[in-house]
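This is the structure I want to talk about, given as C-alpha cells.
The values are calculated or read from the model by the stated rules, or taken from the named source; none is laboratory data. Since this is a predicted model, take the numbers as computed values, not measurements. Note that we place each Cβ from the backbone using ideal geometry, even for glycine, and neighbour counts take in every protein chain shown. Surface areas here come from the heavy atoms of the whole protein model, side chains and all, with no ligands, DNA or RNA. Shrake-Rupley method; radii C 1.70, N 1.55, O 1.52, S 1.80 Å.
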Amino acid sequence: MWRRLRSALRSLRGSLAAPPHGGGGRPPVAMERAVVRCVPSEPKLSLRFVLPDGSARHMQRDQEEPLGRALARIATNAAKGHGKAGKKSKKARAEGSAEGEAAVPAVRLFSRDGTAVAEEVPNAAAWQDGAVLHIGDARYRVERNPPALTELRLPRSLLAGFPVCPKVSAEFAAPQHCLFRWFREQRPAGGGEEAGEAWVETAAAERVFTPSNALVGLRLKLRCTPGDGEQRYGPALEVESSGPVEAGPGACTFDARHLYTKKVCGHGSVRAVSYNILADTYAQTEFSRTVLYPYCAPYALEIDYRQNLLKKELAGYSADLICLQEVDKSVFVDSLAPALDAFGLEGLFRIKEKQHEGLATFYRRDKFSLLSQHDIAFSEALLSEPLHKELSEQLAKYPLVLEKVLQRSSVLQVSVLQSTTDPSRKLCVANTHLYWHPKGGNIRLIQIAVAMSHIKHVACDLYPRIPVIFCGDFNSTPSSGAYSFISSGGIAEDHEDWVSNGEEERCSMTLSHPFKLLSACGEPAYTNYVGGFHGCLDYIFIDRNALEVEQVIPLPSHEEITTHQALPSVSHPSDHIALICDLKWK
C-alpha cells in the first residue's frame with residue numbers, strides 16, 4: 001500500500017504521463033498536475049496536488065460547496081507550507097508573523113479558455129478537465145477523473161510455458177487500454193549482485209506474459225500504466241511476483257486439443273465449452289487427498305498450481321461460450337475472470353445456495369452482448385414461482401422427496417446473448433450442476449423438470465423461439481432417467497429412477513418439456529475419471545431445430561488420461577474433462 005502511495009505521489013510531480021488529448025488552448029505539458037476525482041454518486045470530490053515546497057496535499061470538499069471556499073482553503077494550506085519553509089531561515093523567524101501573512105498566495109481557477117471561474121460556482125462544476133489552477137506563481141493543470149489503478153496483482157504461482165495473467169482493477173480506465181511492461185530479475189553472476197537487485201526489461205509489452213524456461217528461478221515485475229482509450233494516462237504502478245518462475249509439468253492432456261482450436265470460429269459459428277473444473281473447496285480436504293485422489297501429487301491439488309493449467313487450457317480453446325461448474329468464488333474474482341477477460345471473454349458468476357462455489361458462464365465480447373440473466377436456485381424457484389406450481393403440488397404427495405429437493409443447493413444459470421453482428425441471432429445459454437449422489441436419480445429428475453420449465457419460460461415466453469444451449473455436469477450417465485428426459489422430451493411415471501433410493505422415496509409422475517435437444521458431443525465413454533469411477537456425466541445439449549454440430553474436439557486419449565493413473569494429475573487440473581464443440585445456426 002505504501003509503495004503504491006509513494007508511486008502515486010511521485011507521479012503527481014513533474015511532467016504529464018502522456019500528451020494531453022484535444023486541440024489547442026491547452027497549457028504547456030511542463031505544468032504540475034492537480035488531480036480531481038469527482039463521482040456523481042459521492043457527496044465529496046477529492047483534490048491532490050504538490051505545493052512548490054514539495055509537500056503533497058490531499059483535500060476532500062463537498063461537491064456542492066462554492067469554489068471560493070475551496071480556493072481559500074488551498075491558500076491557507078499554501079501559506080502553512082510557506083511558513084514551515086520559512087522557519088528554516090533565521091531571517092524569517094526574525095520577521096515574525098507579518099512574514100506569514102505576506103506568504104498567503106493568490107489562488108484562482110481558470111477554465112480551459114482562460115476565463116476565471118466564478119467563486120460561487122459549485123466545486124463539481126468548477127473543477128473541469130483542462131482547467132488551470134494558479135497558486136501564487138505556480139500553475140497546475142487540472143486532470144479530472146484521470147485513469148487510475150486500484151489493484152494490480154500477479155498470481156502466486158508462475159510456471160514456465162504458462163500464461164501469467166495479472167489482476168488489473170482500474171477507475172476511469174480499462175485494462176485493454178493500459179500499458180504493460182514486464183521485467184525479470186537479473187540473474188546473479190558469480191560473486192556479483194544478488195538476483196532482485198536489478199531488473200531487466202523483457203520484450204513483452206502485452207497484458208499477458210508467458211515466461212520461457214530461461215526465466216525459471218527468476219522473479220517477475222510488472223509495470224502498468226492505466227489508460228482510458230482517449231490518450232489519457234494515469235500514474236503507473238509496479239508489482240513484483242512473490243516467488244520465482246518454476247518449471248512447468250511438460251506435456252498436458254489438453255495440448256493436442258489446442259491444435260484443433262488455434263483460432264476463434266467465424267461469426268457464423270459458436271465454439272462452446274462445458275467443464276467442471278473441481279472446486280478448491282473439495283480438492284483441499286483430507287478426504288480428497290487420501291481417499292478420492294490419493295494418486296495425485298499433493299502439489300498438483302493446490303489451487304495455485306491448478307489455476308496455471310486451467311488458464312492455459314481455457315485460453316487455448318479460443319471459445320465463444322464457456323460454461324464452468326464448481327467455480328470457487330475467489331477463483332472467479334481473482335483468477336479466471338481477469339485471465340479470460342484478457343483473452344476477450346466476459347464472465348458471469350452464480351454462487352450456489354449456502355456454498356463457496358458455483359457456476360460461471362463466459363462469452364466472447366466481440367461476438368455476443370448480454371441481453372439478460374435469469375438465474376434461479378432450484379429449491380427456491382420450486383417453492384415461490386407460479387411457473388412450478390403444478391410440479392410443486394405433485395411433489396407435495398411425496399414429502400420425503402420434496403424435503404430432499406429443498407435441501408439441495410443446486411442452481412441454474414441462464415443467460416440470454418445476442419450476436420453483435422446479427423441482432424436477429426440470440427441464444428439462451430443455460431448452465432447447471434445437478435445433485436451428485438449415485439442414488440439421487442429421482443432428485444435429479446425433479447431438478448431437470450424445474451430447469452426445463454424455467455428455460456421454456458425464457459426461450460419461449462420472454463424471447464420466443466430462440467435456440468437453447470444447455471451445458472453442465474448433470475451427474476447422469478447416458479442410461480439415466482435425467483439424460484433420457486432431456487434428450488427425449490419426457491419421462492414416464494414408471495421409470496426406474498423414480499425409485500433410485502428405494503421404495504420409501506418412490507416418486508412417480510409423468511413429466512415432459514417441449515424442446516428437441518441433442519447431446520452435441522455424443523456419449524463419450526467418460527468425462528469424469530477418478531480412481532474409483534469413470535463415466536460420462538457432462539453434456540452440451542443443443543436445440544436440434546436451430547443448431548447443428550460442425551465439429552467435436554476429440555477428448556484426450558485413454559493413454560493421456562491414465563498416464564498418472566487417473567484425474568486430476570500434474571498434467572490435468574480437474575477430475576473432469578472439458579467438452580468442446582463447434583456449432584452453427586441452421
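Listed residues E380, E357, E385, E390; which is open to solvent by less than 30 Å² (accessible area, probe 1.4 Å) and at negative phi?
Numbers: E380 fails: open to solvent by less than 30 Å² (accessible area, probe 1.4 Å); E385 fails: open to solvent by less than 30 Å² (accessible area, probe 1.4 Å); E390 fails: open to solvent by less than 30 Å² (accessible area, probe 1.4 Å).
Result: E357 is the single residue among E380, E357, E385, E390 that is open to solvent by less than 30 Å² (accessible area, probe 1.4 Å) and at negative phi.
Could you grab me the full set of residues in the stretch 358-399 that are part of a strand (DSSP E or B) and in contact with a helix residue (DSSP H, G or I) (Cβ under 9 Å, 6 or more places away or on another chain)?
Of the residues in the stretch 358-399, the ones part of a strand (DSSP E or B) are 358-364, 368-373, 376-377.
Once the filter is applied, which keeps residues that are part of a strand (DSSP E or B) and in contact with a helix residue (DSSP H, G or I) (Cβ under 9 Å, 6 or more places away or on another chain), the stretch 358-399 yields G358, A360, F362, S372, I376.
Go over the candidates S415, S424 one by one and state the one that is out of contact with any Leu (no Cβ under 9 Å at 6 or more places or on another chain) and of a type in the set (S, T, N, Q). Quick ask: steps written out before the conclusion?
Numbers: S415 fails: out of contact with any Leu (no Cβ under 9 Å at 6 or more places or on another chain).
On inspection, the qualifying residue turns out to be S424.
Which is closer than 18 Å to I351 by Cβ, open to solvent by 40 Å² or more (accessible area, probe 1.4 Å) and β-branched (V, I, T), of T281, T285? Lay out the reasoning, then the answer.
Working: T285 fails: closer than 18 Å to I351 by Cβ.
When all the criteria are applied, what remains is T281.
Okay, next question. Hey, can you tell me all the residues within the stretch 228-271 that are modelled with pLDDT under 95, farther than 27 Å from R365 by Cα and loosely packed, with under 14 Cβ neighbours inside 10 Å?
Passing the criteria: only G250.
Would you tally the residues in the stretch 475-507 being touching an Asp or Glu at 6+ places or on another chain (Cβ under 7 Å) and in contact (Cβ under 8 Å) with a residue 60 or more places away in the chain?
Of the residues in the stretch 475-507, 0 are touching an Asp or Glu at 6+ places or on another chain (Cβ under 7 Å) and in contact (Cβ under 8 Å) with a residue 60 or more places away in the chain.
Restricting the stretch 421-457 to residues that are over 25 Å from R544 (Cβ atoms) and not in a helix (DSSP H, G or I), which is most open to solvent (accessible area, probe 1.4 Å)?
Initial filter on the stretch 421-457 (over 25 Å from R544 (Cβ atoms)): 435-440, 442-443.
After this cut, where a residue has to be not in a helix (DSSP H, G or I) as well, the list is 435-440.
On the way: Y435: 28, W436: 165, H437: 62, P438: 106, K439: 114, G440: 2 Å².
Residue satisfying both the conditions and the ranking: W436.
Of everything in the stretch 115-128, what is farther than 18 Å from K44 by Cβ and in contact (Cβ under 8 Å) with a residue 40 or more places away in the chain? Give them in sequence order.
Of all residues in the stretch 115-128, those farther than 18 Å from K44 by Cβ come to 115-120.
Selection gives V117, A118, E119, E120.
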